[in-house]
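Right, one structure below, let's go through it.
The values are calculated or read from the model by the stated rules, or taken from the named source; none is laboratory data. Owing to the predicted nature of the structure, the values given are computational and were not obtained by experimental measurement. Positions of Cβ are generated from backbone atoms using ideal geometry, with glycine treated the same way; all protein chains shown enter the neighbour counts.
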């Protein structure tokens, strides 16, 4: 896995080993970041289920000013720390080793708001739906912010997002098993 574009273009990232991980492939990251391209400069980004940190660090490479990388796994946090150190970006990255619910509550208490939130949890969970509920409840997405969801349960996730009545789906893409769903706050 590598950084595709920006000031760290071509830098290889450390990854988590094992069958429990599913990094976002370059063939998915390239169009994802093409869609977000104009939203990235000076953006505040949350990568809630960060894994190796690849999505948040790609955003940072492309001009985001601050990235919060959160993962519950100590192994993931260790890999993220290695990647952040390799990129020499400690000042622009906040690491959280917390359950996503605790992390979102903490960010609310800190009155944080984000331009872009990545939700790419393990596929066999309902974490997207639950995280979206907390993001809405805690008002963590800026007015023109975007949530990017990666899932293999597109229809279930779309139904749950629409039921929240706080977000609108504005784009969808499919790349093999991976579905990207782009969501904005309802106006």
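Provide a single number: the residues in the range 160-169 that are surrounded by fewer than 16 Cβ atoms within 10 Å (Cβ to Cβ) and either assigned to a helix (DSSP H, G or I) or touching a residue at least 24 places away in the same chain (Cβ under 8 Å) (or both). I'd like the intermediate steps shown before the answer.
Going through the range 160-169, the residues surrounded by fewer than 16 Cβ atoms within 10 Å (Cβ to Cβ) turn out to be 162-165, 168-169.
So of that shortlist, the ones also either assigned to a helix (DSSP H, G or I) or touching a residue at least 24 places away in the same chain (Cβ under 8 Å) (or both) come out as 162-164.
Counting residues in the range 160-169 that are surrounded by fewer than 16 Cβ atoms within 10 Å (Cβ to Cβ) and either assigned to a helix (DSSP H, G or I) or touching a residue at least 24 places away in the same chain (Cβ under 8 Å) (or both) gives 3.
Taking only the range 104-130 into account, find how many residues are at pLDDT below 95 and part of a helix (DSSP H, G or I).
Going through the range 104-130 one residue at a time, the tally reaches 4.
Could you check residue 67 against (1) under 24 Å from residue 173 (Cβ atoms); (2) within 14 Å of the chain's Cα centre (by Cα); (3) in a helix (DSSP H, G or I) and say which number it fails?
Checking residue 67 against (1) under 24 Å from residue 173 (Cβ atoms); (2) within 14 Å of the chain's Cα centre (by Cα); (3) in a helix (DSSP H, G or I), the one that fails is (3).
Conditions tested, residue by residue: (1) touching a strand residue (DSSP E or B) at 6+ places or on another chain (Cβ under 8 Å); (2) touching a residue at least 24 places away in the same chain (Cβ under 8 Å).
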residue: 28; (1), (2): yes, yes
residue: 32; (1), (2): yes, yes
residue: 38; (1), (2): no, no
residue: 45; (1), (2): yes, yes
residue: 49; (1), (2): yes, yes
residue: 54; (1), (2): no, yes
residue: 64; (1), (2): yes, yes
residue: 68; (1), (2): yes, yes
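Which residues, counting only those in the range 133-159, are assigned to a helix (DSSP H, G or I) and over 16 Å from residue 101 (Cβ atoms)?
Going through the range 133-159, the residues assigned to a helix (DSSP H, G or I) turn out to be 133-137, 154-159.
154, 155, 156, 157, 158, 159 - these are the residues of the range 133-159 that are assigned to a helix (DSSP H, G or I) and over 16 Å from residue 101 (Cβ atoms).
Regarding residue 101, is this residue modelled with pLDDT of 90 or more, under 16 Å from the mean Cα position of the chain (by Cα), within 20 Å of residue 53 (Cα to Cα) and surrounded by fewer than 19 Cβ atoms within 10 Å (Cβ to Cβ)?
On the way: modelled with pLDDT of 90 or more: yes; under 16 Å from the mean Cα position of the chain (by Cα): yes; within 20 Å of residue 53 (Cα to Cα): yes; surrounded by fewer than 19 Cβ atoms within 10 Å (Cβ to Cβ): yes.
So residue 101 passes the test.
Which of the residues that make up the range 74-98 are touching a residue at least 12 places away in the same chain (Cβ under 8 Å) and not in a helix (DSSP H, G or I)? Walk me through it before giving the result.
Our first condition is that a residue be touching a residue at least 12 places away in the same chain (Cβ under 8 Å); within the range 74-98, this holds for 74-77, 79-84, 86-87, 89, 92-98.
89, 93, 94, 95, 96, 97, 98, listed by residue number.
If residue 181 meets every condition in (1) modelled with pLDDT of 90 or more; (2) part of a loop (DSSP other than H, G, I, E, B); (3) touching a strand residue (DSSP E or B) at 6+ places or on another chain (Cβ under 9 Å) apart from one, which number is that one?
(2)
Residue by residue, here is whether (1) closer than 19 Å to residue 121 by Cβ; (2) surrounded by fewer than 20 Cβ atoms within 10 Å (Cβ to Cβ) holds:
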residue: 3; (1), (2): no, no
residue: 27; (1), (2): no, yes
residue: 34; (1), (2): no, yes
residue: 43; (1), (2): no, no
residue: 52; (1), (2): yes, no
residue: 58; (1), (2): yes, no
residue: 67; (1), (2): yes, no
residue: 85; (1), (2): no, yes
